[in-house]
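The values are calculated or read from the model by the stated rules, or taken from the named source; none is laboratory data. Source: prediction; values computed, not measured. A quick note on method: Cβ atoms are made from the backbone with ideal geometry, for glycine too, and the neighbour counts reach across all protein chains shown. Areas reflect the complete protein model, heavy atoms only, side chains present, ligands, DNA and RNA absent. Shrake-Rupley method; radii C 1.70, N 1.55, O 1.52, S 1.80 Å.
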Amino acid sequence: MRVRLAARKIFSLVLITLSLCAALAPTSALCTPRTLTLVSINDIHSHLADDAAGGGIARIASVVREYKEQDPGNTVIAQIGDINEGALYHLYGGFVEMRMLDAAGFDLGTLGNHEFDKGAAPMLTTVSYARMPLVVSNLYALEGGSPVPGVPLYVKTLKNGLKVGFFGLVTPQLAAVAGGGSQYRVADPVGEAQKRVHELRALGCDVVVALSHCGLDEDIRIAKHVRGIHYIAGGHSHTAMKEAQLVAMPSGWGTWTTMIGQAGCYGRYVSRAQIALDGFRLDTARSAYALVPMSAGTPEDPDVKKTLFPYRWIMDEKLGVAVATLASDLDGRRQAVRTGESAIGNFVADALLWKAGNAAQIAMVSSGGIRGDRVFAAGAFTLGDLYTIFPYGDHLCYVTLTGAEIRQTLEISASALSAPGETRDESTRPSDGGFLQLAGLRVALDLSQPPALVDNQGALRQKGSRVTDVAVKKQDGTFEPLEEGRTYTVVALDWLAKGGDKHVVFAQKWGQSGGAAPLNGGDVDALGAYARHLGQIAPQIEDRIEIKP
């Protein structure tokens, strides 16, 4: 009799448990091992066509289709910003990039800083071409300013019943790295992330995902301070993460762990995160992450390739014309350009100084304005190469600076570099793109000394003392010491001349009468004219910038 009663109690308990699981199925992961698969790319920068090494939107589309077929209804495809850049963007204003992402099967995305390069109006035009929702959560309109793009939150219920909430973050340095960024207020990602997590939990979301175009260091900071994010799909720092980073923090529910992933840049990789839950927390044992390279052997989706073909054909026709010859390979990779003097940096700085003629003694170029992140092979140097190096359509400007102001500008440039083992606070330092390539100057830097500090509002907090020597090139080719009280004329692109990358000395001059003046001609025009003038391009490293670690 006791056995029968016990059996009845067990049977009743099972029925109650099954009923509870059925009732909770649409909104809870407590009863069944349900998983979200999130596939993402970031920082594609208009690199839609394939190349010899792989990449290309047609290859990405074939991988996306395969993953969706493996787990239909439970796989979400996202792009994490910096969709646009370069000649394709100049020709079509973002239409082609958005059309191709749609054709490739992307479900949603966010915006990066490069969507703001040309200002708010062109950015909003690009956004209007998107069929996918673009989630931007920490951007706010200034009084009388431009509308905020996208939506602040996005919720999607999967076929398996998981309710997934997404929010998007743009870099807090937006105003310093993008021309249209100053038209908005960017909220601190940590505070905004906490706010959005609470909102998504209140909407009944089982899984919370951040689409973060803030860079890996900032993503780690977010994960260390914000409970409730299961996964951060990252961008901005171009980090090809072969393994996900797990950041654990104590919480009232036990340890909370956030997983972070990022897929490099230029469509060379796709990241695939499988996010499983243990109750409402990330199940680290069952969750998984992979970085998938888009190699030459990756099949291409024929329909996507066909859709891209006419745009690519027009691009090849317009941009395949040779303007000069490269005598040897020219290294334009990010690591070469943003860490010290580079041959390509000398070439573009020389081009600006040549274009200025006798009206300027010095040229300065932000390393972040030199793009491509590739080696330009010896041989034909084409119009397309010019647009790859200078994709932004900037114009040349004269800026009048004293020797003391030049030294302070070089201190800010030196602050963009990191000493070995140095811990950086990105809120008070320029990004590595703020490091300057030079012509007409020779400078010595000591990175063991204190750096200049500039906050995200453009205020100089510390002058820095990394510049140990500066010399100016004379007309006869010899060098003389920089005189702090003397006035010099510098030629720069208008991005730098307006104070981009936290160059506050230029920002102050831009608003002064006689401080800055336009020079007729754009960046590509100047570079092309100089290349044609040379005929054969053979830039070298000439010890213009000496760096002591």
Taking the residues in the stretch 361-372 that are at pLDDT 95 or above and either touching a His at 6+ places or on another chain (Cβ under 7 Å) or in a loop (DSSP other than H, G, I, E, B) (or both) as candidates, determine which candidate is farthest from Val337 (Cα to Cα).
-> Gln361
Matching residues in the stretch 203-245 - criterion: being farther than 28 Å from Asp373 by Cβ and either assigned to a strand (DSSP E or B) or without any contact (Cβ under 8 Å) to a residue 12 or more places away in the chain (or both) | Val207, Val208
In the set Thr409, Thr402, Thr388, the lone residue that is among the β-branched types (Val, Ile, Thr), modelled with pLDDT of 95 or more and open to solvent by 10 Å² or more (accessible area, probe 1.4 Å) is Thr402
Out of the residues in the stretch 426-483 that are among the β-branched types (Val, Ile, Thr) and in a strand (DSSP E or B), state the one that is nearest to the chain's Cα centre (by Cα).
-> Val454
Do you know which residues across the stretch 151-165 are in contact (Cβ under 8 Å) with a residue 60 or more places away in the chain and either of a type outside the set (S, T, N, Q) or crowded, with 17+ Cβ neighbours inside 10 Å (or both)?
-> Lys156, Leu158, Lys159, Gly161, Leu162, Lys163, Val164
Examine the stretch 509-516 for a residue that is surrounded by 14 or more Cβ atoms within 10 Å (Cβ to Cβ), at pLDDT below 95 and in a strand (DSSP E or B), and state whether such a residue exists.
-> yes
Exactly one of Ala349, Ala377, Ala360, Ala343 is open to solvent by 40 Å² or more (accessible area, probe 1.4 Å) and either within 25 Å of Asn84 (Cβ to Cβ) or touching a residue at least 12 places away in the same chain (Cβ under 8 Å) (or both), and that one is Ala377
Residue list for the stretch 246-277, restricted to those being in a strand (DSSP E or B), in contact (Cβ under 8 Å) with a residue 60 or more places away in the chain and open to solvent by less than 30 Å² (accessible area, probe 1.4 Å) = Gly261, Gln262, Ala263, Val270, Ser271, Ala273, Ile275, Ala276, Leu277
Is there a residue being modelled with pLDDT under 95, open to solvent by 10 Å² or more (accessible area, probe 1.4 Å) and assigned to a loop (DSSP other than H, G, I, E, B) anywhere in the stretch 96-107?
-> no
In the stretch 278-300, which residues are part of a loop (DSSP other than H, G, I, E, B), at pLDDT below 95 and buried (at least 16 other Cβ atoms within 10 Å of the Cβ)?
-> Phe280, Met294, Thr298, Glu300
